[in-house]
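In what follows, a single structure is set out as structure tokens and then discussed.
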Amino acid sequence: MPRPPSKWLHHRPLVALAPMEAITDRPYRKLVRSLCREVILFTEFASAGGLLQGSVKVWESVEFDDAERPIVVQLYDPFPEKLGMATREVVRHLHPDGIDVNMGCPVRKVVRKGAGCGMMGERCLAVDAVRQVLDNARGTPVSIKTRLGIHDKTEVIELAQACIAEGVEQVTIHARLKADCPRTPADWEALSFAARQLSVTVIGNGDIWTEDDARRMIALEGISGVMIGRAAIGNPWLLKRCVQALNGAAVDLPPSREERVRVALEHLRLNVQCKGERRGVLEMRKVIRNYIKGSLNAKRIWLKIIQAETEKETSETLKLFAAT
């Protein structure tokens, strides 16, 4: 008997880990869940076409176990029919707590095919995509993730309203335009204005680096939750501190060097266990840099880590960092 989806949309305050390719994979999601039960997890964004073709790598990106719940599977594709059929397969085989349609990815190769942000410029296509997903979701909540717009920061309003009219229950808005680079300040004023025009739960995304940022965003009119992306890479403790801050609880101190190494080692172990030693070690290199950055000798240690070829070499280098 499949486990029914949790009512994740009703979590208050809502704190979510943003879907990030090659970051929010199963090892990292398990790690985050071990530190905090209340965070809503999103999978990496997955190609609907890839799922329908039976791509092992794409299916790996969305598979999860019950310990990771509540978890939302995010899909993208330029073809509404494929999004609908992929939703049917994901719901049938995985029973996620939600299906999210990516309408906010600004990567050129995704956009030029009409997926991600490309859907923001084709409202009829976006609405059809949502309709197809809803028709195949079997009661699983459906949400969308967008940006403020392609050229104008109010474009999201009409798009989101049209999707809500079809049955979308939640909208996440990244507070930047399509062409904005990650260093462009997120426009929280435009985010709040857009959120106030919508009748469903709105999660704000963009420039949440500390628990104080989460407090300030959740205080914006119209915002019911926060989604954290880049700041959570190699920093899973931030998600827990944001949950604590938004619940009015005492906030944990930043992790010690020893704690950062302990969690980095566990992340490495999970990655190798899930992906094999070579791939697991190589993929951890960029993440480990975030675990140790800002500390004395961090650059020297990281230069050693990018030369390490095995789990043992990487672990020993991390332990050396903890001891210095």
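The values are calculated or read from the model by the stated rules, or taken from the named source; none is laboratory data. Keep in mind it's a predicted model, so treat the numbers as computed, not measured. Cβ atoms come from the backbone with ideal geometry, glycine included; neighbour counts cover every protein chain shown.
Flag: N205 does not match the condition of being farther than 16 Å from A186 by Cα, at pLDDT 95 or above, surrounded by 18 or more Cβ atoms within 10 Å (Cβ to Cβ) and not hydrophobic (A, V, I, L, M, F, W, C).
The lone criterion from (1) in contact (Cβ under 8 Å) with a residue 60 or more places away in the chain; (2) touching a strand residue (DSSP E or B) at 6+ places or on another chain (Cβ under 8 Å) left unmet by L238 is number (1). S256 falls short on exactly one of the conditions (1) exposed (fewer than 15 other Cβ atoms within 10 Å of the Cβ); (2) of a type in the set (S, T, Y); (3) touching a residue at least 12 places away in the same chain (Cβ under 8 Å), and that condition is (3).
Remark: G50 matches the filter, which requires a residue to be in a helix (DSSP H, G or I), out of contact with any Lys or Arg (no Cβ under 6 Å at 6 or more places or on another chain), without any contact (Cβ under 8 Å) to a residue 60 or more places away in the chain and surrounded by fewer than 22 Cβ atoms within 10 Å (Cβ to Cβ).
Yes/no per residue for (1) in the same structural domain as D100 (by TED's automatic domain parsing); (2) buried (at least 18 other Cβ atoms within 10 Å of the Cβ); (3) of a type in the set (A, V, I, L, M, F, W, C); (4) at pLDDT 95 or above:
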{"position": "P185", "(1), (2), (3), (4)": "yes, no, no, yes"}
{"position": "R196", "(1), (2), (3), (4)": "yes, no, no, yes"}
{"position": "T210", "(1), (2), (3), (4)": "yes, no, no, yes"}
{"position": "R215", "(1), (2), (3), (4)": "yes, no, no, yes"}
{"position": "G225", "(1), (2), (3), (4)": "yes, yes, no, yes"}
{"position": "L239", "(1), (2), (3), (4)": "yes, yes, yes, yes"}
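Give me a count of the residues in segment 14-28 that are touching an Asp or Glu at 6+ places or on another chain (Cβ under 9 Å) and in a loop (DSSP other than H, G, I, E, B). Residues flagged as touching an Asp or Glu at 6+ places or on another chain (Cβ under 9 Å) and in a loop (DSSP other than H, G, I, E, B) within segment 14-28 amount to 7. Could you say whether any residue in segment 120-136 is touching a residue at least 60 places away in the same chain (Cβ under 8 Å) and either of a type outside the set (F, W, Y) or touching a strand residue (DSSP E or B) at 6+ places or on another chain (Cβ under 9 Å) (or both)? The answer is no, given that none of the residues of segment 120-136 is touching a residue at least 60 places away in the same chain (Cβ under 8 Å) and either of a type outside the set (F, W, Y) or touching a strand residue (DSSP E or B) at 6+ places or on another chain (Cβ under 9 Å) (or both).
Applying the criterion of being part of a strand (DSSP E or B) and closer than 20 Å to N247 by Cα to the residues of segment 177-217, the residue that is farthest from the chain's Cα centre (by Cα) is T201. In this structure, is V261 in contact (Cβ under 8 Å) with a residue 60 or more places away in the chain, surrounded by 16 or more Cβ atoms within 10 Å (Cβ to Cβ) and either assigned to a helix (DSSP H, G or I) or out of contact with any Lys or Arg (no Cβ under 9 Å at 6 or more places or on another chain) (or both)? Taking the combined requirement at face value, the residue satisfies it.
If I ask for residues that are assigned to a helix (DSSP H, G or I) and of a type in the set (A, V, I, L, M), which ones from segment 218-258 would you list? Can you show your working first?
Residues of segment 218-258 assigned to a helix (DSSP H, G or I): 218, 230-232, 237-246, 257-258.
Passing the criteria: I218, A231, A232, L238, L239, V243, A245, L246.
Would segment 110-123 turn up any residue that is in contact with a Lys or Arg (Cβ under 6 Å, 6 or more places away or on another chain) and over 19 Å from R147 (Cα atoms)? Scanning segment 110-123 turns up no residue that is in contact with a Lys or Arg (Cβ under 6 Å, 6 or more places away or on another chain) and over 19 Å from R147 (Cα atoms).
Comparison of A115, A86, A16 shows that the only residue that is crowded, with 20+ Cβ neighbours inside 10 Å and over 29 Å from D207 (Cα atoms) is A86.
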